[in-house]
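S.K.: Here it is: the structure, laid out below.
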């Protein structure tokens with residue numbers, strides 16, 4: 001059966017394919033008794049690999065003492081020594097950042113730490129920074145900027161959230177007589193003819209060969225935090241100063257690190273969980289005027305607990321919008337300025353840019369639906385032959401049934417934007433209809449709605465710039481490495497990333513080859529049937545088990561995100577306590593009660609992937625019906641109508 005565009009991008013979960021992962025056991029009962037928590041909480045912990053009381057205590061109660069010693073990271077002593085020399089000699093230092101949340105936050109954090117260390121030394125730090133323009137410069141360190149830095153008198157370059165594959169840039173730094181410290185978290189090059197990391201005074205990256213640092217999944221800002229912590233502690237000459245670093249400075253940095261950790265979608269496990277959990281607590285006291293203004297515009301209420309969802313869907317998109325739509329250096333200025341009026345102006349600009357980004361994303365998604373639908377319906381020979389005037393014709397979507405595709409490789413070559421469209425983008429050149437800054441978001445949206453890996457590209461001046469996102473079990477950087485080929489067959493001008501996300505570029509005329517190679521590779525390593533969305537449930541519970549103690553344990557398990565997903569629960573045989581009510585023409589407001597009496601909860605079924613209002617009408621749901629439901633729990637903070645509610649993911653008749 002061929003899926004329509006709507007089916008492809010809004011594939012609904014298979015209603016009869018619900019899989020319960022966590023089961024009651026003697027182990028869950030024993031862990032619950034030892035911890036003093038409800039048994040379903042123990043079941044959820046075991047499902048996350050937290051099986052001993054000690055591991056559970058560490059998981060549920062993150063604290064600063066759980067953070068690893070920065071000097072466990074290979075190269076830390078050399079990096080601190082070189083920075084110390086630069087401060088003492090008052091050498092100009094350039095921090096070379098990146099244009100996303102991780103890169104801008106890392107820049108702010110390290111610049112602040114260097115200036116504070118200089119104050120303790122009684123000198124004035126000369127710390128500059130550069131955030132590249134996404135379109136004009138692209139990702140990574142560029143020779144022209146390094147040459148300009150040398151001409152300006154810079155003696156030391158420190159990369160943050162970039163540089164692990166910057167072999168050419170490192171060579172240029174050496175040629176100009178500068179020193180280089182690389183701090184990054186992306187995967188290094190595979191060992192081979194060339195070194196796996198660039199030549200530098202120090203390379204800080206837990207993923208580099210030989211690095212014993214325990215947590216390999218840090219984001220770039222967290223690596224920068226480790227360097228900042230080591231430098232500040234090195235300059236703390238007495239117990240009072242050391243306590244100040246640990247109890248004042250480090251927690252203040254954790255606000256920004258938590259934002260970067262959540263925004264970069266690294267697993268919220270091990271040390272990352274501690275960084276995010278403690279940082280979210282600190283976010284309730286945003287002292288920087290820029291952060292405070294941005295949180296107000298994002299409508300984040302500091303009077304209540306701040307969640308990873310608040311950061312991921314309200315705060316991070318506004319920070320990212322600067323690099324996607326304009327100049328990311330505005331983010332650094334917003335965080336660094338102490339002037340409230342300037343901070344507010346910059347925060348409002350980010351807020352506006354985010355609105356523009358959302359409009360561009362919505363229009364691009366509509367064209368992607370059209371491209372997928374064309375691929376599902378048109379005959380294969382409908383491809384036009386490439387011509388000198390239209391070399392991009394060979395790069396159009398494969399005209400194959402969507403249901404058979406193991407991955408999506410999409411581009412905008414054949415989909416020009418309408419005049420005045422928000423897709424056209426100020427200052428961009430070439431025929432690309434999609435802004436380069438939103439293609440990563442588009443790839444994420446395709447993955448979310450199709451459960452398949454996706455590469456999305458836009459064309460500019462004969463070059464295709466792409467971003468990719470993946471699904472669990474499909475290592476996307478390995479895939480790009482495999483399809484790149486050897487010697488003269490190599491596709492990419494440049495590429496990099498990690499298992500879940502990649503960035504790349506290649507000549508526009510070779511996009512067709514990329515599509516063919518990716519489809520062949522994905523077909524070997526992915527089973528389309530396995531990619532069908534299933535409703536995976538962490539545990540089966542009765543509504544009456546959802547007590548105050550359960551909710552307390554659930555909140556302790558947060559923050560939720562990649563690697564520590566929000567629990568999905570199944571309850572069977574619950575009774576509809578009232579007739580379903582349609583809200584906004586398509587969503588459902590529901591009320592459920594335990595069929596054995598007692599517990600009662602309100603719930604909402606949002607029609608994102610399934611039109612629940614139509615389903616309720618077709619199946620005739622009404623008060624008294626017994627249903628099985630799959631749901632997440634949501635806390636409503638309304639002062640009058642607040643409480644815990646159910647977010648419905650699946651409904652079917654009971655039995």
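S.K.: If you build the Cα gyration tensor of region 43-113 and take the root of 5 times each eigenvalue, what three semi-axes come out, in whole angstrom, biggest first?
M.R.: Equivalent ellipsoid semi-axes, largest first: 37, 17, 10 Å.
S.K.: Here's another thing I want to ask about it. Evaluated at 4 °C with a viscosity of 1.567 mPa s, what Stokes-Einstein diffusion coefficient in µm²/s does region 125-214 have when Rh comes from the Kirkwood expression over alpha-carbon pairs?
M.R.: The Stokes-Einstein estimate is 95 µm²/s.
S.K.: Considering every Cα-Cα pair within region 283-359, what fraction, in whole percent, is farther apart than 16 Å?
M.R.: Tail fraction, whole percent: 44.
S.K.: Using 0.36 nm per residue, how much length does the chain from residue 600 to residue 57 gain when fully extended, once their Cα-Cα distance is taken away?
M.R.: Here the segment from residue 600 to residue 57 would lengthen by 192.4 nm.
S.K.: Mind ranking 267-279, 495-507, 471-483 by how tightly packed they are, going by the mean number of other C-beta atoms within 10 angstrom, highest first?
M.R.: 267-279, 495-507, 471-483
S.K.: Hey, another quick one. When a footprinting reagent is the concern and you count Cβ atoms within 10 Å, what order do 521, 465 take, fewest first?
M.R.: 521, 465
S.K.: Please work out whether region 179-228 counts as rounded, prolate or oblate from its C-alpha gyration tensor, where a ≥ b ≥ c are the square roots of the eigenvalues and a/c under 1.5 means rounded, while otherwise a/b larger than b/c means prolate and anything else oblate?
M.R.: oblate
S.K.: Also, quick follow-up: Dividing the alpha-carbon radius of gyration of region 155-254 by 2.2 N^0.38 Å (N being the number of residues), what value is obtained?
M.R.: The value comes to 1.21.
S.K.: Looking at the chain, what % of its DSSP beta bridges pair antiparallel, to the nearest 5?
M.R.: Here the antiparallel bridges make up roughly 60 percent for the chain.
S.K.: Past the 25 angstrom mark, what percentage of all C-alpha to C-alpha distances in region 186-312 do you count?
M.R.: Summing the P(r) tail past 25 Å for region 186-312 gives 36 percent.
S.K.: Taking all pairs of different Cα atoms in region 583-636, averaging 1/r and flipping that mean, what Kirkwood radius in angstroms comes out?
M.R.: 12.3 Å
S.K.: Please compute the Cα-Cα pair-distance distribution of region 522-655 with 10 Å bins starting at 0, giving whole percents from short to long.
M.R.: Pairs per bin, as whole percents: 11, 40, 33, 13, 3, 0.
S.K.: Right, next: Let's test this: bin the Cα-Cα distances of the chain at 10 Å from zero up to the farthest pair and state each bin's percent.
M.R.: Result returned by the calculation: 3, 14, 23, 26, 20, 10, 3, 0.
S.K.: Determine the distance separating the Cα centre of region 207-272 from the Cα centre of region 290-368; give it in Å without decimals.
M.R.: One Cα centre to the other: 24 Å.
S.K.: Can I ask one more? Taking just the alpha-carbon atoms of region 3-160, what radius of gyration and Dmax come out, in angstrom?
M.R.: Rg then Dmax for region 3-160, in Å: 25.2, 69.
S.K.: Would you mind computing, in nm to one decimal, how far apart the modelled labels at residue 69 and residue 358 are, each placed 7 Å from Cα along Cα→Cβ?
M.R.: 4.8 nm
S.K.: Testing the spin-label approximation: label points 7 Å from Cα along Cα→Cβ at residue 448 and residue 489. State their distance in nm.
M.R.: Once both label points are built, they end up 3.8 nm from each other.
S.K.: For a quick protection proxy, order the peptides 255-263, 235-243 by their average other-Cβ count within 10 Å, most packed first.
M.R.: In descending order of packing, they fall as 255-263, 235-243.
S.K.: For region 226-269, what is Rg from Cα atoms divided by 2.2 N^0.38 Å, rounded to two decimals?
M.R.: Working it through for region 226-269, the quotient is 1.36.
S.K.: Would you please calculate the Kirkwood hydrodynamic radius of region 65-268 over all C-alpha pairs and express it in Å, rounded to one decimal?
M.R.: By the Kirkwood definition, the hydrodynamic radius is 16.9 Å.
S.K.: What is the extension gain from residue 482 to residue 84, computed as 0.36 nm multiplied by their sequence separation minus the C-alpha to C-alpha distance, in nm to one decimal?
M.R.: 139.1 nm
A short reminder: the numbers here are calculations on the coordinates, not readings from a lab. In this text the structure is predicted, and so the values were computed from the model without any measurement. Every residue, glycine among them, receives a Cβ derived from its backbone with ideal geometry; neighbour counts consider all protein chains shown.
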